[in-house]
Amino acid sequence: MFNPKISIITVVRNGAQFVGQTIASVRSQSYSNIEYIVVDGGSTDGTLDIIRANEAGIARWISEADQGIADAFNKGLALATGDYLLFLNADDALAAQDVVADVVDLIQANSQPEIFYGDCDLLDRQSEEVLSHTSITFQPEKMRYGHMIPQPAMFTRRSYFEKYGKFDTTFRIAMDYEWLLRGGLSERVVHVPLLVTRVHDGGVSTQSRAAVINEIVRALQKNRLITNGFGEGKLRAYFLARAAAKKMLKFFGLYRKHA
């Protein structure tokens, strides 16, 4: 019987608004072979009280200062012992009680790929209204233009980390994109249109588009997918064209957030 250990890692700092929902969504899973790890960055807003109140459902947790999200991810990775790993953000939640059980069945049905991912719903941070549904078909060539599959719905086999390493702490926003570039263009990636997570809007990657683009460029340069100024200029022109098209669609009321 296929019964892999699934490590779910939540990193958080001052996330008291939603972290209780995140933890509850993991604790309520029908699949039993889950290792839940929480990495707190030294919260001061009541997050630690919520973690302590849920200790019975958490395999390991730590609270200490870190050097950013990538560093916190790496701390969770160092603690994890699962066959597949999911990084579930502290303002996200698994969509249903049987999600992990369904994912395990689908991983087995798809011959245990290196990366398996599903879909996300984006929720308004205040009203909890569903703003959009993200269902992305994986197209490796689009990664060269900054496209990323939804990290909160992505289960990664341990062997991928063993082969390609941990997250680069010099990246403050696009650390998961840079990490995926290392093997995502060559390893087997499988998508199934299963709703895995509900994600609140307003994450770090939405705070500065210019900073995101700069890190995407640097990630592509690091992995030698951009090797000269012409390639960088072409990519930045692509982002400018997309921004202009989005602005025009919004002006005419035609813009939709659905991926």
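Could you calculate the FRET efficiency of His147 with Gln67 from 1/(1 + (r/R0)^6), where r is the beta carbon distance between them and R0 is 25 Å, rounded to 0.05? Intermediate results must be reported in sequence, preceding the final value.
Numbers: r = 27 Å, r/R0 = 1.09.
Plugging the Cβ-Cβ distance into 1/(1 + (r/R0)^6) gives 0.35.
Database remark: amide H of Asp119 closer than 5 angstrom to the amide H of Leu194, Leu195, Val196, Thr197 (H placed geometrically; neighbours at sequence offset of 5 or more, or on other chains; Pro and chain starts carry no H). The string of couplings for the range 16-28 from the Karplus curve (6.51, -1.76, 1.60, θ = phi - 60°) is 4, 4, 10, 4, x, 5, 4, 4, 4, 5, 7, 5, 8 Hz, one whole number per residue in order, with x for Gly and Pro. Relative contact order of the range 68-206: 42 percent, from C-alpha pairs under 8 Å at least 6 residues apart in sequence.
For the range 6-108, run through the GluC sites (Glu not before Pro) and keep only the ones in DSSP coil with at most 13 other Cβ atoms within 10 Å of their Cβ. Let's see the in-between values first.
Values: sites: Glu35, Glu55, Glu64; in loops: Glu64.
Counting only loop positions with at most 13 other Cβ atoms within 10 Å, the GluC sites (Glu not before Pro) in the range 6-108 are Glu64.
In terms of the mean number of neighbouring beta-carbon atoms within 10 Å, the peptides 136-147, 6-17, 36-47 order highest first as 6-17, 36-47, 136-147.
Rounded to the nearest whole Hz, the Karplus-based 3J(HN,Hα) values (6.51 cos²θ - 1.76 cosθ + 1.60, θ = phi - 60°) of the range 77-86 follow the sequence 4, 5, 8, 6, 10, x, 7, 10, 10, 10, with x at glycine and proline.
Based on DSSP, what percent of beta bridges with both residues in the chain are antiparallel, to the nearest 5?
Details: 13 of 36 bridges.
Rounded to the nearest five, the antiparallel share is 35 percent.
Readers should treat all values here as calculations from the given coordinates under stated rules, not as data from a laboratory. The shown structure was predicted, so the numbers you read here are calculated from the model rather than taken from an experiment. Heads up, the Cβs are rebuilt from the backbone with ideal geometry, glycines too, and the neighbour counts pull from every protein chain shown.
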